[in-house]
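What follows is a single structure, written as structure tokens, with notes after it.
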Amino acid sequence: MNSAAGGKETLMKTIIRATDIHKEYKLGKNNFVHALRGASLEIKEGEMTAIIGPSGSGKSTLMHIVGVLDRPDRGEVWLLGERVDNLPKNRLPKLRAAKLGFIFQGYNLVSTLTAMENVALAAEYAGHSRRESLEMAETKLSDVGLADRTRHLPTELSGGQQQRVSIARALVNNPKVVLGDEPTGNLDTVTSNEIIEMMQEINQTTGTTFILVTHDQEVAKVCDRVIHMRDGVVLDEGESIATSPS
Ligand SMILES: Nc1ncnc2c1ncn2[C@@H]1O[C@H](COP(=O)(O)OP(=O)(O)OP(=O)(O)O)[C@@H](O)[C@H]1O
Ligand SMILES: [Mg+2]
């Protein structure tokens, strides 16, 4: 069981396993991009992991497959002990809403909805009533420091505030895993540091697992693990150290 030290490293349950993932995108009749060529990944519960690698190495593609936003051509994805890569399409929205949260570089908020409505929408997808969802949204927005911005539209918020709304949306259903694709990519250094601190605090206080695709060294610095990708595969941790620049 957990030691008195109680660190994350004592909770080593695997929460996500992706094995030998292949993905090709079809560009033209006989033109394919082999985005993933046997990528494998294992994430432990409570870990905060950064995925880094050159542009085009397959980071977003892998994140989309792990987040069941897209299907692999080959390979398996297991989430919380359940195989999810081959589930029928109609089960995916509910699965995503209940188990996963997403944070994107461009925030992906619905421009015609207020902050509170954007967050509530995610709770409704998970099966909560409209009223319940709005209450949950208000609480989460207050948790991310936006109690006084709940009725603002995305265009009436700064980039950092919009990213907080998207963090509230990612967390509204208390997911086990939050997936981020360049969550600080559009933010200035100061705002970006606030967002990083916020994610780290959530990870530490709630044990939510974070997987963050990033170019940002400051994000990688606060993570427990840094995974390197190159040419559609995940490098071994030893290999990545050996081949990393600097
Ligand atoms: N929808 C798509 N259709 C065709 N090709 C795609 C598509 N999405 C990605 N690709 C290609 O797949 C490869 C991997 O792309 P991916 O977006 O996963 O890279 P990435 O590591 O996230 O890069 P970046 O750091 O620039 O975001 C690239 O060669 C890209 O051009
Ligand atoms: Mg990408």
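Below is a table of values for the structure above.
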| item | result |
| --- | --- |
| Whichever residue in region 170-199 is over 19 Å from residue 159 (Cβ atoms) and not aliphatic (A, V, I, L, M) and, among such residues, is nearest to ligand 2 (Cβ to nearest atom) | 175 |
| The lone exception for residue 117 - which of (1) within 16 Å of ligand 2 (Cβ to nearest atom); (2) among the acidic types (Asp, Glu); (3) under 24 Å from residue 136 (Cα atoms) it fails | (1) |
| Qualifying residue in region 112-130 (condition: part of a loop (DSSP other than H, G, I, E, B), under 23 Å from residue 161 (Cα atoms) and without any contact (Cβ under 8 Å) to a residue 40 or more places away in the chain) | yes |
| Filtered residue count, region 92-111, keeping only those that are of a type outside the set (Phe, Trp, Tyr) and assigned to a loop (DSSP other than H, G, I, E, B) | 6 |
| Meets criteria (buried (at least 22 other Cβ atoms within 10 Å of the Cβ), among the small types (Gly, Ala, Ser) and more than 11 Å from residue 107 (Cα to Cα)) for residue 122 | yes |
| Within region 159-213, tally of residues that are of a type in the set (A, V, I, L, M, F, W, C) and within 18 Å of residue 146 (Cα to Cα) | 13 |
| Identity of the residue in region 202-230, within 16 Å of ligand 1 (Cβ to nearest atom), in a loop (DSSP other than H, G, I, E, B) and buried (at least 18 other Cβ atoms within 10 Å of the Cβ), that ends up modelled with the highest pLDDT | 214 |
| Meets criteria (at pLDDT 95 or above and either more than 16 Å from ligand 2 (Cβ to nearest atom) or farther than 24 Å from residue 206 by Cβ (or both)) for residue 15 | yes |
| Pairs with Cβ under 9 Å, 6+ apart, first in region 42-70 and on the phi > 0 side of the Ramachandran plot and near ligand 1 (Cβ under 8 Å from one of its atoms), second modelled with pLDDT of 95 or more and part of a helix (DSSP H, G or I) | 53/59 |
| All positions within region 44-66 that are more than 13 Å from ligand 2 (Cβ to nearest atom) and part of a loop (DSSP other than H, G, I, E, B) | 45, 46, 47 |
| Candidates 91, 83, 96, 71, filtered to the one that is under 20 Å from the mean Cα position of the chain (by Cα), charged (D, E, K, R) and under 30 Å from residue 152 (Cα atoms) | 96 |
| Lone unmet requirement of (1) touching a residue at least 40 places away in the same chain (Cβ under 8 Å); (2) in contact with an Asp or Glu (Cβ under 6 Å, 6 or more places away or on another chain) for residue 133 | (1) |
| Residues being of a type in the set (Gly, Ala, Ser) and either touching a Lys or Arg at 6+ places or on another chain (Cβ under 6 Å) or outside any loop (DSSP other than H, G, I, E, B) (or both) - total across region 67-91 | 1 |
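The values are calculated or read from the model by the stated rules, or taken from the named source; none is laboratory data. It should be emphasised that the depicted structure is a prediction, and the values quoted were computed from it without experimental measurement. Positions of Cβ are backbone-derived with ideal geometry, glycine not excepted, and every protein chain shown enters the neighbour counts.
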